[in-house]
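Heads up, the thing below is written out as C-alpha cells.
The values are calculated or read from the model by the stated rules, or taken from the named source; none is laboratory data. Everything numeric here is computed off the predicted structure, so don't read it as measured data. Reconstructed Cβ throughout: ideal geometry from the backbone, glycine too, with neighbour counts over all protein chains shown.
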Amino acid sequence: MDKKTPLYSCHLAAGGKIVPFAGYLLPVQYEATGVIKEHMAVRTACGIFDVSHMGEIIYKGPDALKNVQYIVTNDCSGMLDGQVRYSPMCNNDGGVVDDVLVYKISDEYYMLVVNAANREKDFAWMKSNLKGSADIEDISDSIAQIALQGPASASVMKKLLPDEFIPSKYYSFKKDVSLDGVKCLISSTGYTGELGYEIYCPEADAVKIWNLLISTGSCCGLIPCGLGARDTLRMEAAMPLYGHEMDEKVSPLEAGLGIFVKTGKDDFAGKAALISRGDPMYARVGLAVTGRGIVREHCDLYLDDIVAGHTTSGTFCPFVNAPIAMAAVKTEYSQIGTKFEADVRGRRVEVEVIALPFYKRSKNTK
C-alpha cells in the first residue's frame, strides 16, 4: 500500500491531483495551476515542493567517514562541517545503486539523502558494507523534507530568518535553525537548476512549516508545485534521474557523472570494476527535437540503419519552450551536431545532439 507524506492533507486541500510515486501518494500537479504554471513559477518566482518521500540515512561513530568514503565514489575526506556533496553509489560491478547527497554534520556524523524508491535497497547495501566503529540508521520516517525553489526563494527565507541562519553557498547547510520554533536543517540544494533551499524538519512539524512558507511567500509569487513540474525542471537543468539516466547496469561514467568518481582515493565499492571497464562505451547527451513531436524515454536512436543509442528521458519543457530529451549514445556518435532519427512508436522523428544543460540560471541570480 502506498504511503502518505505528512503533507498529504495539505495537497488535498490545495487541489492536488494525487498519483502513486515511489511508494507514496504525491501531487503530480494542482488544479488551480497545472504543470506549466508551476514550472514557470519556479523559473521566474518561487515554488514549493513536498519531497518528504526522500530517504535519510545517518552514519555515526569514529569510523563514519571511513564508511561514507567506501560507499560513495566521490571523495568526502575534505568536507567541512556544513558542506553537502553529491555522489553516485556503486555496486561491485560498477553499476549505480543510487545517487545521493552527503551532508557532513560533524567528523563522526554524516547524513546521506537517498531516492525514495531505493531507500530499502540502499540501506541494505550500506549496512552490508558497514566497517569498523560506526552505526547506521534509517531515520526517513521521522523526517519531512520541503523544497523551496526559484529566484525569489532567498527573499522568502529573508522574511523568516536573519542572514546568518540562511546557507549562502551552494551545497552548504545550516543546522538547528529555528523556524517559528521548529528546529530545522536548511540546505542550499535542489533538483530544479534554480536558486533554492531544502528544509528538513521533524515529520510532526511538516504542516506547520509548509503553511509558514506558503503564507510568507505568497507575496513573492510562491505556489505549491507537483511531480510534473519537478520533472520538467530537472530535465531543463539536465539533472539525471535514477532509473532513467542511470541504474544498476549503467556506470556513473556512462551517465556523464565522471567528475564525481574519484578513482585516486582509497578503495570504494565498484572501484575495481569501473577501472576494468575502461573508457565508457556510451555517453549521456542532450537532444533537441528538430522534427515534429515529443520524444520520450526508451526510443531507439537511428543513424541511417544503425541503432546508435536510446533516449533515457524526454518531454516538452515550458521555459525553453521546446521538446527536449536526454539519451545514452555510443561515444563515437556523441558529438554536438550529430543528427539521429528517434523511433517514436514506429514513426521516425529527427533529433540533434546539443550541449547540456538545456537551461542554466544566470550567475547574477542571488
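What to note about this one:
- Filtered by the rule that a residue be buried (at least 21 other Cβ atoms within 10 Å of the Cβ), in a loop (DSSP other than H, G, I, E, B) and hydroxyl-bearing (Ser, Thr, Tyr), region 177-208 gives 188, 192.
- Residue 177 meets each of the listed conditions (1) in contact with a helix residue (DSSP H, G or I) (Cβ under 8 Å, 6 or more places away or on another chain); (2) more than 26 Å from residue 22 (Cβ to Cβ); (3) touching a residue at least 24 places away in the same chain (Cβ under 8 Å) apart from (3).
- Enumeration of residues in region 7-19 that are surrounded by 21 or more Cβ atoms within 10 Å (Cβ to Cβ) and assigned to a loop (DSSP other than H, G, I, E, B): 7
- Every residue from region 231-267 that is among the hydroxyl-bearing types (Ser, Thr, Tyr) and assigned to a loop (DSSP other than H, G, I, E, B): 251, 263
- For residue 83, the requirement of being modelled with pLDDT of 95 or more and more than 28 Å from residue 204 (Cα to Cα) is not met.
- The residues of region 48-67 that are acidic (Asp, Glu) and more than 10 Å from residue 111 (Cβ to Cβ), listed by number, are 50, 63.
- Members of region 298-349 that are within 24 Å of residue 194 (Cα to Cα), assigned to a loop (DSSP other than H, G, I, E, B), touching a residue at least 24 places away in the same chain (Cβ under 8 Å) and of a type outside the set (A, V, I, L, M): 318, 319
- Among the residues of region 268-285, those that are surrounded by 20 or more Cβ atoms within 10 Å (Cβ to Cβ) and not in a loop (DSSP other than H, G, I, E, B) comprise 274, 282, 283, 284, 285.
- Meets criteria (under 21 Å from residue 143 (Cβ atoms), modelled with pLDDT of 95 or more and outside the structural domain of residue 158 (by TED's automatic domain parsing)) for residue 58: yes
- Residues of region 127-154 satisfying the condition of being farther than 27 Å from residue 233 by Cα, under 20 Å from the mean Cα position of the chain (by Cα) and part of a helix (DSSP H, G or I): none
- Residues of region 209-230 satisfying the condition of being within 23 Å of residue 19 (Cα to Cα) and assigned to a loop (DSSP other than H, G, I, E, B): 225, 226
- Remark: residue 157 falls outside the filter, which requires a residue to be among the aliphatic types (A, V, I, L, M), under 21 Å from residue 71 (Cβ atoms) and either assigned by TED's automatic domain parsing to the domain that holds residue 173 or not in a strand (DSSP E or B) (or both).
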